[in-house]
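Student: Before I ask anything, let me first share the structure, which is written out below as structure tokens.
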Amino acid sequence: MTLNHLCEMPNNKSTPIGCIGSGFIMADCHIPAYLDGGLNPVAIASRTPANAQSVAERHGLIAFDNYREMLDTAEIEVVDIAVPPDVQLSVIDEVIKRKDKIRGILAQKPLGVNYQQAKEIVNRCESAGIVLSVNQNMRFDHSVRACKDLLQQELIGDPVLATIDMRAIPHWMPWQQRQGWVTLRIMSIHHLDTLRYWLGDPIRVFCSTREDPRTAESFEHQDGICLYILEFENGVRASAWDDVWAGPSNEGSAADIGINWRIEGTTGMARGTIGWPNYPERTPSTLDYTNTQLGDVWIRPRWDEVWFPDAFVGTMAQLLVALESNTEPEISAHDNLKTMALVEACYISSQEHRAVELAELLC
């Protein structure tokens, strides 16, 4: 039995893409993945024109002094936005002004600074007739994708319990200091969205957080180490430990870094690893599964692709597929609002020390 770990690609790969932002995620992930996948990024602009020019020369794009000039003069139909969340709304507003030219937007996660702002962004794009999708790229990590296929093929029966255990030390961005938050909207949002992707929408969440001692030396925050439990109406339970301290390895001890996930079902189970913490070393994520028909055997499909940067073609591809087929994107803006609401519920739960129902935010 084979598992599909790859994304669907558009029939027409030539749709011209304009890129806003020239940081690591755009320069080293988005654009290389698009080019490797045969997509067509053609223009770039960012807050620092020299950076945009450098990325343009590296990848064969045209650089513009600012993104408004790019939106006005470049021959583009889709815009890829990778800017900090607190400036995302203003950038999207400028794109909306060119709605006669721009058909689609891929926006970086998180979609704005909170759930309420995300709702405003979604409503504005919908009113303008622009198709909005969100770059929840962990959905296109190859083990996550293969696990979704395994669940759809019912190879482990009905899910009973799912867990994600992250012990990693992310590279935080300077703009996070002015937000005053760390893990929930940056790392946990990946895991919360993945659990939704696998299992559907939970009815409630309980979340506990504390500061990360290492990050606390730079700025105050509450959501450093994040632990949460999701409850689903059909009885499924899920949990994740997002440990961004991961021990004092940066301070001189031995390291134990990694991300492991596991899903137990009524007739089988699956387990996997996420290769991202080893970046820039190319380390593919993995998936193993077994079930009662196989007996004491684990099936171990493997692939060469890695999350960073290969999986990033998926988020743009699913938007282009939606545009050419006139269908809802796989990661639609409305769907992503449920992930943003779940993140918001985690903040409320942590602050008020109680379980929070998603209906409290989505009503």
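Rule-based calculations on the coordinates, nothing more; no lab input. As the structure is a prediction and not an experimental result, all values here were calculated from the model. Cβ: placed from backbone, ideal geometry, glycine included. Neighbour counts: every protein chain shown.
Student: Can you spot the lysines whose alpha carbon is less than 23 Å from Lys101's alpha carbon? Ignore those fewer than 8 places along the same chain.
Tutor: Lys13
Student: Length gain on complete extension for the stretch Arg237 to Arg47, per 0.36 nm per residue less the alpha carbon to alpha carbon distance?
Tutor: Here the segment from Arg237 to Arg47 would lengthen by 64.1 nm.
Student: In addition: Which whole-angstrom value gives the distance between the alpha carbon centres of region 198-248 and region 105-136?
Tutor: One Cα centre to the other: 24 Å.
Student: Something else: Take Ser14 and Ala359, extend 7 Å from each Cα along the Cα→Cβ direction, and tell me the distance between the two endpoints in nm.
Tutor: 5.2 nm
Student: Going 7 Å from the Cα of Gln153 along its beta-carbon direction, which residues of region 323-363 have the amide nitrogen within less than 16 Å of the resulting point?
Tutor: none
Student: Using r as the Cβ-Cβ distance of Glu77 and His334, and R0 as 25 Å, what FRET efficiency do you calculate, to the nearest 0.05?
Tutor: Plugging the Cβ-Cβ distance into 1/(1 + (r/R0)^6) gives 0.70.
Student: Calculate the FRET efficiency for Ser54 and Arg282 from the Cβ-Cβ distance with a Förster distance of 30 Å, rounded to the nearest 0.05.
Tutor: Efficiency at R0 = 30 Å is approximately 0.80.
Student: Report, by chain and number, residues whose modeled amide H sits under 5 Å from the one on Arg204, excluding near sequence neighbours (fewer than 5 apart, same chain).
Tutor: Glu231, Leu358
Student: Determine the gain in length on full extension of the stretch Phe24-Asp36; use 0.36 nm per residue of separation and subtract their C-alpha separation, reporting nm with one decimal.
Tutor: 2.6 nm
Student: Rounded to the nearest 5, what is the percent of antiparallel bridges among the DSSP beta bridges in the chain?
Tutor: 60 percent
Student: While we're looking at this one, here's another question. Taking the simple approach of a point 7 Å from Cα along Cα-to-Cβ for both Ser208 and Val160, what is their distance in nm?
Tutor: 2.5 nm
Student: A further question on this structure: Suppose every Lys and Arg Cβ carries +1 and every Asp and Glu Cβ carries -1, with no other charges. What dipole size does region 116-230 come out with about its Cα centre, to the nearest 20 debye?
Tutor: 180 debye
Student: If packing is taken as the average count of other Cβ atoms within 10 Å, what order do 352-359, 50-57, 336-343 fall into, highest mean first?
Tutor: Highest mean packing first, the order is 336-343, 50-57, 352-359.
Student: Hey, another quick one. Check cross-link reach from Lys338 to the lysines: straight Cα distance under 19 Å, and skip same-chain residues fewer than eight apart.
Tutor: Output for Lys338: Lys109, Lys119, Lys148.
Student: What does the highest-first list of 26-33, 189-196, 86-93 look like by mean Cβ count within 10 Å?
Tutor: 189-196, 26-33, 86-93
Student: Given H placed 1.01 Å from N in the peptide plane, which residues other than close sequence neighbours of Ala255 have an amide H under 5 Å from its amide H?
Tutor: none
Student: When Cα extents along the principal axes in Å is calculated directly from the model, which label among (1) 50, 45, 41; (2) 125, 56, 37; (3) 60, 48, 47 fits?
Tutor: Computed from the coordinates, Cα extents along the principal axes in Å corresponds to (3).
Student: Quick one: dipole size for the chain, taken about the Cα centre, charges +1 on Lys/Arg Cβ and -1 on Asp/Glu Cβ, in debye to the nearest 20.
Tutor: Here the size comes out at about 220 debye.
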